[in-house]
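The block underneath contains the structure these notes are about, expressed in structure tokens.
The values are calculated or read from the model by the stated rules, or taken from the named source; none is laboratory data. Predicted, not measured: the structure shown is a model, and the values here were computed from it. Glycine also receives a Cβ, built like all others from the backbone with ideal geometry; neighbour counts cover every protein chain displayed.
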Amino acid sequence: MGGKALKIVGVDSERKSTNDFLRIASEIRPIVEQQLGIETYVVKCFHEKETHGDLDLLLKIDHTFYNKGINLRKWIEETFKPKGVFSNGSVISFEYDNFQIDFIPVKESNWDVSTCFFDYDPTGNLMGKIGHKFGLKYGFEGLRYVYRTEGKKYGEITISKDNAKIFDFLGYDYNEYLKGFNTKKEIFDYIINGKYFDASLFLMENLNAIDRKRNRKRATYQEFLQFINENTFESKYKFKKRKDLYYNDIDSFFPESKFLLTLKEFRKKERERKLIAKKFNGRLIMEWTNLTEGKDVGNAIRGFRNYIGNDAMNKQYLLYTKPDQIKKDFLKFSNSENK
């Protein structure tokens, strides 16, 4: 997305007028829909946009398409015979009539929320900054909570994929959004008029390292920063520093997500994981035996777990067995294996 992907593979694409943009979309969509048997969606931009750097086409990937095992990149190369193709994750960019086309596969379960999120760039990205202050992530998979521990992702909770409810929670009028925007300024005004708008949320120095790197390359995000820097806007809300203070609000607004209940289960599993790791780990095995190589220690761990039983039996045993008994049982197992 952004019209620059093909430069990576040495192909120069050109900007197109809106008439050419619509013509190209009308040529490509029937081919995709008829030959692949899937639904497509052209991502919307503000109505008075005169030229376009690329065409973003969402592809609805359902079970039928998935089961066909189609290699999408190969199909593009055979069907459109482009001068160049570039893949970035699941997104495939290719040249058509000296123009960059971005095919963006979307799971059927995320279709409605994705079409909304991708429309009217940079709305989705900017709204995501509001969601982040609540401890949530807003993206093409909806509104989500990512449970992390020790810097690693441990689990995820889908809060909602209901566009209207997501917009309402983040402080925006969904019906107004559906009307669309004539100019880029209207998009910026829409964001600024949100219930929780605070200009400082969007400043580069207040983003994390990954977000900062991404948004440096996003022209529309930089234009929004320039817009708020050139104007003075009163902050409408001061966010609390502790994001967990919003957890009750999230659970109350989205009771169908069972947010607090699921969060409680994650925390319980994490406590159990840490307890098990403390009682049975590679360092202890090296203390108990003469094993020193990581591979040998790993094999010993897997062997002992298989000796105990299935995953459920492993968990129960390691949770409720005293450390001294685990050591005795492991040495008994180890000695029997070495006979």
Exercise for the section: Mind listing whichever residues of the range 112-165 are touching a residue at least 24 places away in the same chain (Cβ under 8 Å), of a type in the set (G, A, S) and within 30 Å of K49 (Cα to Cα)? Expected result: S114, G131, G142
Completion exercise
Those residues of the range 155-200 which are among the small types (G, A, S) and buried (at least 20 other Cβ atoms within 10 Å of the Cβ) amount to S160
Practice task
Would you mind finding the one in I250, I276, I285, I301 that is on the phi < 0 side of the Ramachandran plot, among the hydrophobic types (A, V, I, L, M, F, W, C) and over 37 Å from the mean Cα position of the chain (by Cα)?
Solution key: I285
Handout entry: Which listed residue is within 24 Å of F224 (Cα to Cα), assigned by TED's automatic domain parsing to the domain that holds F254 and modelled with pLDDT under 95, from F181, F202
Key = F202
Practice task
Tell me, please, whether a residue that is touching a Ser or Thr at 6+ places or on another chain (Cβ under 8 Å), more than 22 Å from K4 (Cβ to Cβ) and not assigned by TED's automatic domain parsing to the domain that holds E186 can be found in the range 49-68.
Solution key: yes
Handout entry: Subset of the range 1-46 [part of a loop (DSSP other than H, G, I, E, B), farther than 26 Å from R214 by Cα and not β-branched (V, I, T)]
Key = G37, E39
Handout entry: Residues of the range 49-78 classified as loosely packed, with under 12 Cβ neighbours inside 10 Å and of a type in the set (D, E), total
Key = 2
Exercise for the section: Could you please find all residues in the range 5-24 being surrounded by 15 or more Cβ atoms within 10 Å (Cβ to Cβ) and out of contact with any His (no Cβ under 7 Å at 6 or more places or on another chain)? Expected result: A5, L6, V9, V11, S13, D20, I24
Completion exercise
Within the range 236-274, the count of residues that are loosely packed, with under 13 Cβ neighbours inside 10 Å and of a type in the set (A, V, I, L, M, F, W, C) comes to 2
Exercise for the section: Residue by residue through the range 298-320, note down the ones that are of a type outside the set (A, V, I, L, M), touching a residue at least 12 places away in the same chain (Cβ under 8 Å) and under 16 Å from R273 (Cβ atoms). Expected result: K315
Exercise for the section: Output the residue which, of all residues in the range 60-96 that are touching a residue at least 60 places away in the same chain (Cβ under 8 Å) and charged (D, E, K, R), is nearest to V32 (Cα to Cα). Expected result: E95
Exercise for the section: Taking the residues in the range 292-327 that are over 24 Å from R271 (Cα atoms) and of a type in the set (D, E, K, R) as candidates, determine which candidate is surrounded by the most Cβ atoms within 10 Å (Cβ to Cβ). Expected result: D296
Exercise for the section: Confirm whether D121 is over 17 Å from I228 (Cβ atoms), in contact with a Ser or Thr (Cβ under 6 Å, 6 or more places away or on another chain), acidic (D, E) and not in a helix (DSSP H, G or I). Expected result: no
Handout entry: Residue list for the range 86-118, filter: assigned to a helix (DSSP H, G or I) and not acidic (D, E)
Key = S109, N110, W111, V113, S114, T115, C116, F117, F118
Problem - Index of the failed condition, F65 passing every other in (1) under 22 Å from S114 (Cβ atoms); (2) in a loop (DSSP other than H, G, I, E, B) - result: (2)
Problem - Per-region count, the range 101-148, residues of a type in the set (S, T, N, Q) and either in contact with an Asp or Glu (Cβ under 8 Å, 6 or more places away or on another chain) or more than 24 Å from F188 (Cβ to Cβ) (or both) - result: 3
Problem - Of all residues making up the range 145-154, the number that are surrounded by fewer than 18 Cβ atoms within 10 Å (Cβ to Cβ) and either touching a Leu at 6+ places or on another chain (Cβ under 9 Å) or at pLDDT 95 or above (or both) - result: 2
Practice task
Give the residue, chosen from L284, L275, L291, that is farther than 30 Å from K161 by Cβ, modelled with pLDDT under 90 and aliphatic (A, V, I, L, M).
Solution key: L291
